[in-house]
Structures are given as structure tokens and as C-alpha cells.
Amino acid sequence: MKVLVTGGSGFIASHVIDHLKAAGHEPVNFDIRPSQWQGEEVPFCEGSITDVDALENAMAGCDAVAHLAAAADVGEVQKDPLWAEELNARGSICVLEAAKRAGVKRVVYASTIWVYQDNKELEINEDVNPALPSHLYTAGKLAGEAYCTSYKALFDLDYTILRFGIPYGPRAREATVLALFCGKILNGEPITLAGGGTQTRRFVYVEDIADAVVRSLAPEGANRIYNLVGTEETSILQVAEKAQELLGDGEVVVTEGRAGDFAGAVISGQRAADELGWTAATDFAEGARRYVEWRKAQA
Ligand SMILES: NC(=O)c1ccc[n+]([C@@H]2O[C@H](COP(=O)([O-])OP(=O)(O)OC[C@H]3O[C@@H](n4cnc5c(N)ncnc54)[C@H](O)[C@@H]3O)[C@@H](O)[C@H]2O)c1
């Protein structure tokens, strides 16, 4: 399958490109900046997801689109809501419109388990509708989801919505939690734990997410929503301790909880297991070890 990957130069999408290639597909990277992770063997289309014509041209001959370009850092979204809205909401409808015009069969949309941030349920599967959001990041990502289902209903464009758990691993942006903690230790700075670090996350190793994106292109994935979560709950404190263990001791400072932080309901990934045969294969201890190894090699 020829697959246009938006945001292909970014953290998660660069792994998606690797996994598409490994599975025998033909990925094309569409991004505003070239990739530092792939060479010329992966075609690169420089352009913005807000430019429908550029997207449509890039989608010529593509069977599917994996749409991952976004304003993905919640802090940056809060700082610049209009910029974030242009990427996460407007950019997503542009991708769908271009896919419709180019005759692409499916758009796989990168969403997030943060869409459940305001739900009261303690156990959540994909049949639970996300509550109206209290964070602009989630609002933008939910707009993208709504556009996917609307393009299906109105124009019969197939979608797959993937709600990613909290990713970590090689190529992570420095703002992601394990990367941040490792950076602090290496710089001799204290690790700051919002709310004491007791809040838990279902972290998911980035290559496992990339594997799921590829699997979701199967016919079973059409017009389905999947939570892609790891199999274990890991507290932020445990992340800090793992970083300390792998890199040496660092100081830990406790602060107030962050606005819009996700309290951490138990989110089920059973549907992806049943329908796509996917479970997160890499546990946190192993994924963290691989990340630190990669980081040392980069240095
Ligand atoms: N990182 C997370 O914690 C997380 C969690 C859940 C879901 N997601 C989602 O996964 C996707 C990828 O996230 P990531 O962490 O890899 O992000 P990232 O910031 O590493 O990558 C985003 C990519 O999009 C590109 N981009 C930015 N503006 C663009 C534009 N106008 N046109 C084309 N490309 C543009 C960037 O250059 C970058 O390469 C996003 O949709 C994000 O919302 C991320």
C-alpha cells in the first residue's frame, strides 16, 4: 500500500514510516520540515497540512493516509490556542478533504487517550464517549475525530481513529516525560514531580504504537476506534526512579499538579487485541532501557 504519513519527520510518525517500510508498504513523508531519521529512500513532500492543494498533490496514487501531524505538546497548545486550532482542527479537516478529492480510501487519524480526560468512568473502552473537554489540546484532537466520522457519513471516506496512550522511546521530544527526566539527570538538575508523581499512566513504547498503526490499515480497522495503551500502569515516580536507575541518582522535587493533567482512569486496549491482534509488546522497563541506550548512542 502507498501511504502518505503526515508529520512523518516527527517522533511517532518517523517510527510509523519505519514500520510501514518493514511491512512492505510504500510510505511518503508529508511535513513542513525534512526528516532527520530517514534518508532519500523515503519520498518527502514538503508542505503544510493547512494547504489542501499540496495535500491532494501529495496523495496522488496513495491508498491511505496516516495523519499524525499536529500541535502535539499540550503546553504549547495552551500557550498558542489559535495556532494549535489551525493545526489540530483545521489541519485535520484539510487532510480529510484532500483525501476525498484524491480518492484515497482510508485516513488513519492519530488521536489520544487524553480525550477521556474529563470522563468520570473509572474503566474506559471505546464504547464510552469522551466527555466535552477541558483542555484545548483534547478539544482540537476531538474535532479531528468528529471530522473523520462526518467525512465517513457524508462522503463515505473510511477512517480509523487511534487513541494513542502516552508514547515514549527513541526520538522522543525532550518535553515527553522520560526524555525530560533523563535530560534533567544528565544536566545535573532536579526532577520535578507534579503532584508527587503518584498519578499513573499507561505508557506505550513508540515502536509498539507504530506497529499498531500499520496493523490498523487492515480491512478490520475500517471505521473503528481503538485505544492503544500499554499493559501496565506506571506512576510518574516510577518513571523518575527508572531514569535514576539507568543513568545514576538525581534529585526529586514535588510541586502542585499541572492544569489539565490526566488523572489516569484504566483504559482498555482489548478491542485492538481482539480485532487487530495488537497488544503492546514492550514493557516499561525494557522500553526505558532501549530509550536510554538510544540516547547514549546519540550523544
Ligand atoms: N506525544 C504524545 O504524547 C502523543 C500522545 C497521544 C497522541 N499523540 C498524537 O500523535 C501525533 C504525533 O505526535 P508526536 O508526539 O510524534 O509529535 P511531533 O511534534 O514529534 O511530530 C509532529 C510533526 O508534525 C509536523 N508538523 C507540524 N506542523 C505541520 C504542518 N502545518 N504541516 C505538516 N506537518 C507539520 C512537525 O514538523 C513534526 O514533524 C500527533 O497527532 C499527536 O497529537 C501524541
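The values are calculated or read from the model by the stated rules, or taken from the named source; none is laboratory data. Just so we're clear, the structure is a prediction, and the values are computed from it rather than from any experiment. Heads up, the Cβs are rebuilt from the backbone with ideal geometry, glycines too, and the neighbour counts pull from every protein chain shown. Quick note on the areas: whole protein, heavy atoms, side chains included, nothing else; ligands and nucleic acids left out. Shrake-Rupley method; radii C 1.70, N 1.55, O 1.52, S 1.80 Å.
Assorted remarks:
- Cross-link reach list, aspartates and glutamates versus K100, counting only Cα pairs under 18 Å and skipping chain neighbours closer than eight places: D51, D53, E56, D63, E145, D156, D158
- Of the DSSP H helices in the chain, none is both long (alpha-carbon extent of 15 Å or more along the helix axis) and hydrophobic (Kyte-Doolittle mean at least 1.0).
- Region 19-55 versus region 95-173: alpha-carbon centroid distance in Å: 21
- In this structure the chain gives 44 Å² per residue of accessible area when probed at 1.4 Å with all protein chains present.
- Accessible surface of the chain, 1.4 Å probe, proportion on carbon and sulfur as whole %: 50
- Calculated from the alpha-carbon coordinates, the chain shows an Rg and a Dmax of 18.5, 56 Å respectively.
- Shape call, region 131-269: gyration tensor on alpha carbons, a/c limit 1.5: prolate
- Distance (nanometres) between label positions extended 7 Å along Cα→Cβ at K152 and D51: 3.1
- Estimated 222 nm signal from helices in the chain, with DSSP H stretches of n ≥ 4 weighted -39500 (n - 2.57), rounded to 500: -11500 deg cm²/dmol
- Cα-based shape type of region 1-132, given that a ≥ b ≥ c are square roots of the gyration tensor eigenvalues and the cut on a/c is 1.5: prolate
- Summed side-chain charge close to A131 - residues other than A131 whose Cβ falls under 12 Å, Lys, Arg +1, Asp, Glu -1: -1
- Lysine pairs within region 101-220, Cα separation less than 22 Å, 8 or more sequence positions apart or different chains: 4
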